[in-house]
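As structure tokens, the structure follows; a few thoughts come after it.
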Amino acid sequence: MSMTSVSSSGRVSRSVSPVSMACQRAAVLLFGALVLYAVGFLPMSAAHNAAHDSRHSFVFPCH
């Protein structure tokens, strides 16, 4: 469980466990890999072209 506290400046700070942070980062990484790679190999040309353009926009070499 995370704790929420408010400092005198009005900013909210939350303490998150390192395990939770690692799980969140791993989930984001896996989702990103799914979008960039798995969708790029679909036979449907529209999905492939969208993923292909995304790879190029991130300066990721793909051919």
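Any residue in region 42-60 that's under 20 Å from Phe31 (Cβ atoms) and open to solvent by 70 Å² or more (accessible area, probe 1.4 Å): show its pairings with residues that are assigned to a helix (DSSP H, G or I) and not β-branched (Val, Ile, Thr) at Cβ separation under 7 Å, as long as the two are six or more apart or on different chains.
The qualifying pairs are Leu42/His48.
Can you pull out the residues in region 12-38 that are β-branched (Val, Ile, Thr), closer than 28 Å to Ser57 by Cβ and open to solvent by less than 80 Å² (accessible area, probe 1.4 Å)? Reasoning before the result, please.
Restricting attention to region 12-38, the residues satisfying the condition of being β-branched (Val, Ile, Thr) are 12, 16, 19, 28, 35.
From the residues that got through so far, the ones that are closer than 28 Å to Ser57 by Cβ too are 28, 35.
Selection gives Val35 alone.
The values are calculated or read from the model by the stated rules, or taken from the named source; none is laboratory data. Computed from a prediction, not measured in an experiment: that's the story for all the values here. Glycine also receives a Cβ, built like all others from the backbone with ideal geometry; neighbour counts cover every protein chain displayed. For the accessible areas, the whole protein counts, side chains as well, though only heavy atoms, and no ligand, DNA or RNA atoms are used. Shrake-Rupley method; radii C 1.70, N 1.55, O 1.52, S 1.80 Å.
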